[in-house]
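Quick one: the structure is below, and I'll ask about it shortly.
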Amino acid sequence: MRKVRLRATKLGKIRFTSHRDIARVWERALRRAELPVASSQGFTPRPRISFGLALPTGAESIAEYVDVDLAEELTDEEVAGLPAALTPLLPDGFDVLVAAERPPSGGSLQEVVTSCTWELWAPMLDVRHHRDACLLMDAVSLPLDRERKGKRSADDVRPLILDLRVSSENHGRLIADTATTGRGLRPSELAQVAYPHVDPLDVRVLRTHQWIDHDGERRELLPCDFRASTRMQELAQPALVDTSPDEVLV
């Protein structure tokens, strides 16, 4: 059995599709590609597909991960050709960027990812607002009222914010590194504390990286020079992406 890891995007209108629906989209695409996906045991066998940390509905990403167990061996050339084979079978906004054999050791994607990098922006925000948000790094604590299982409590979310900085490439965006261990910080919650004068629903977010810890060093699951692709540059531009949830096709 061979284990393959895929890195893909989720950009544009498809961002309004739920994580559960996205799983069905992937199952159909893998079936249409006629890949020998392994199945689970039991009365209701399911394709052996696992996903990384769930992306909040409405958020975009260029760092979504899918692990696929194959019942048959693929050559290295066939694995390298998976992005070109799968992308046409997925809805617009999904592009498989890179494929590689999954390391034989290590836990699931949801277990090994320790932090994520996000970009945040909105039409009413400029570089001054982002610089003010960076001052949160100097705070001793950041209490945030959050609800869990019907109960509300004030949690200190400061330890979950690892770094804040203004993008060196686009000064209209804030770059944030957040921890995923324990009860992670949702990007909408980060927007709430970073821009208290703005409705968090008006802040656009893009996940750019999911990181793991390897011998004390932060590493990316599957590095990819996505900005070298003209298509990725176009899709990642907020002015070119429709904000309407209408006509999402799955």
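Among R28, R5, which is outside any strand (DSSP E or B) and at pLDDT 90 or above?
R28
Something else now. Considering only residues of segment 36-55 that are assigned to a strand (DSSP E or B) and of a type in the set (A, V, I, L, M, F, W, C), which is nearest to the chain's Cα centre (by Cα)?
F51
For segment 168-183, what are the residues that are assigned to a loop (DSSP other than H, G, I, E, B) and in contact with a strand residue (DSSP E or B) (Cβ under 7 Å, 6 or more places away or on another chain)?
G172, R173, T180, T181 - these are the residues of segment 168-183 that are assigned to a loop (DSSP other than H, G, I, E, B) and in contact with a strand residue (DSSP E or B) (Cβ under 7 Å, 6 or more places away or on another chain).
Is one or more of the residues making up segment 64-86 in contact with a strand residue (DSSP E or B) (Cβ under 7 Å, 6 or more places away or on another chain) and of a type in the set (S, T, N, Q)?
Looking through segment 64-86, none of the residues is in contact with a strand residue (DSSP E or B) (Cβ under 7 Å, 6 or more places away or on another chain) and of a type in the set (S, T, N, Q).
Please state which one of V112, V4, V68 is within 30 Å of L160 (Cβ to Cβ) and either hydrophobic (A, V, I, L, M, F, W, C) or in the same structural domain as Q210 (by TED's automatic domain parsing) (or both).
One residue alone meets the criteria, V112.
Yes/no per residue for (1) more than 16 Å from T9 (Cα to Cα); (2) modelled with pLDDT under 95:
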site: L35; (1), (2): yes, yes
site: A54; (1), (2): no, yes
site: E77; (1), (2): yes, yes
site: L89; (1), (2): no, no
site: E101; (1), (2): yes, yes
site: L109; (1), (2): yes, yes
site: W118; (1), (2): no, no
site: R131; (1), (2): yes, no
site: P143; (1), (2): yes, yes
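Moving to a separate point now. For segment 9-41, give me each residue that is in contact with a Pro (Cβ under 9 Å, 6 or more places away or on another chain), of a type in the set (S, T, Y) and surrounded by fewer than 19 Cβ atoms within 10 Å (Cβ to Cβ).
S39, S40
Let's see how each residue does on (1) in contact with a Lys or Arg (Cβ under 6 Å, 6 or more places away or on another chain); (2) at pLDDT below 85; (3) over 17 Å from M124 (Cα atoms):
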residue: G150; (1), (2), (3): no, yes, yes
residue: D163; (1), (2), (3): no, no, yes
residue: S168; (1), (2), (3): no, no, yes
residue: E189; (1), (2), (3): no, no, yes
residue: V198; (1), (2), (3): no, no, no
residue: V205; (1), (2), (3): no, no, no
residue: P238; (1), (2), (3): yes, yes, no
residue: P245; (1), (2), (3): no, yes, yes
residue: L249; (1), (2), (3): no, yes, yes
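The values are calculated or read from the model by the stated rules, or taken from the named source; none is laboratory data. Just so it is clear, the model here is predicted, and its values are computed rather than measured. FYI the Cβ positions are ideal-geometry reconstructions off the backbone, even for glycines, and counts take in every protein chain you see.
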